[in-house]
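Structure first, then comments.
The values are calculated or read from the model by the stated rules, or taken from the named source; none is laboratory data. Here the structure is a predicted model, which means the values were calculated and not measured. Every residue, glycine among them, receives a Cβ derived from its backbone with ideal geometry; neighbour counts consider all protein chains shown. When the accessible area is computed, the model is the full protein with side chains, heavy atoms only, and any ligands, DNA or RNA have been set aside. Shrake-Rupley method; radii C 1.70, N 1.55, O 1.52, S 1.80 Å.
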Amino acid sequence: MIKIIIFFLFIFLDLLSKFYIKNNLSINQSLELNSFFNLVYVQNYGVSFGMLSGTVSHWHLITIALLIVFLIIYLMIISKKKLEKIAYFIIIIGAVSNILDRIINTFVVDFISIHYNNFYWPAFNLADIYITIGIIMLIISFFRASK
């Protein structure tokens, strides 16, 4: 039961933050919060860092993402380690949230912009953070297994 609550809570937080940005900032508008962190409204029609933008339809991207989610669910089910299972679960939450955003908008809303002087990391969102945390947890789990 707690997993279901966590699943929907994290998706809700991600979609709510994207909704807020989409409805309060203009496209590409940037709001500086401090010297290294901005909020910016970016419409990502591609995958990570905007790759494949404009070359593949959003329905193809949704289909591919769903297939990957099903693969990750399978990996989560067969995994014997608790940390791996949690990592896969967190990755699934992020992936599903971005899929839902793409279904709703035909693109993914990115809004977190981190930079140092004129060196900018591509904008991302909470779902991307979930996926990144899950991947870091997987790497830690794999290194633990290699000992």
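Take every Cα pair under 8 Å in region 50-147 that's 6+ residues apart, average their separations, divide by the length, and report that relative contact order as a whole percent.
29 percent
Taking the solvent-accessible surface of protein heavy atoms with a 1.4 Å probe, what is the per residue accessible area of the chain in Å²? Let's see the in-between values first.
Working: 9420 Å² over 147 residues.
About 64 Å² of surface per residue is accessible.
Rolling a 1.4 Å probe over the protein heavy atoms of the chain, with every protein chain left in place, gives an accessible area that is 74 percent carbon and sulfur. Estimated purely from DSSP H runs of n ≥ 4, each contributing -39500 (n - 2.57), the mean residue ellipticity at 222 nm for the chain is -21000 deg cm²/dmol once divided by its residues.
Annotation: amide H of Tyr41 within the under-5 Å range of Asn28, Gln29, sequence separation 5 or more or interchain, hydrogens built in the peptide plane. Taking a sphere under 12 Å around the Cβ of Ile129 and counting the other residues whose Cβ falls inside, with K and R at +1 and D and E at -1, yields a net charge of -3. Globularity index of the chain is 1.11 (Cα radius of gyration / 2.2 N^0.38 Å, N = number of residues).
Using the Karplus relation 6.51 cos²θ - 1.76 cosθ + 1.60 with θ = phi - 60°, the per-residue 3J(HN,Hα) values for region 33-45 come to 9, 7, 6, 10, 9, 10, 9, 9, 8, 10, 9, 9, 8 Hz, with x marking Gly and Pro.
Potential lengthening of the chain between Lys3 and Leu33 amounts to 7.5 nm, from the contour at 0.36 nm per residue minus the alpha-carbon distance.
Using the Cβ-Cβ distance between Tyr120 and Lys80 with R0 set to 41 Å, the FRET efficiency works out to roughly 0.50. Each residue of region 104-114 is assigned a 3J(HN,Hα), and the resulting list reads 5, 10, 6, 8, 9, 7, 10, 8, 9, 10, 10 Hz, derived from the Karplus form 6.51 cos²θ - 1.76 cosθ + 1.60 (θ = phi - 60°), x at Gly and Pro.
In percent, rounded to a whole number, the relative contact order of region 17-101 is 17, using alpha-carbon pairs under 8 Å and six or more apart.
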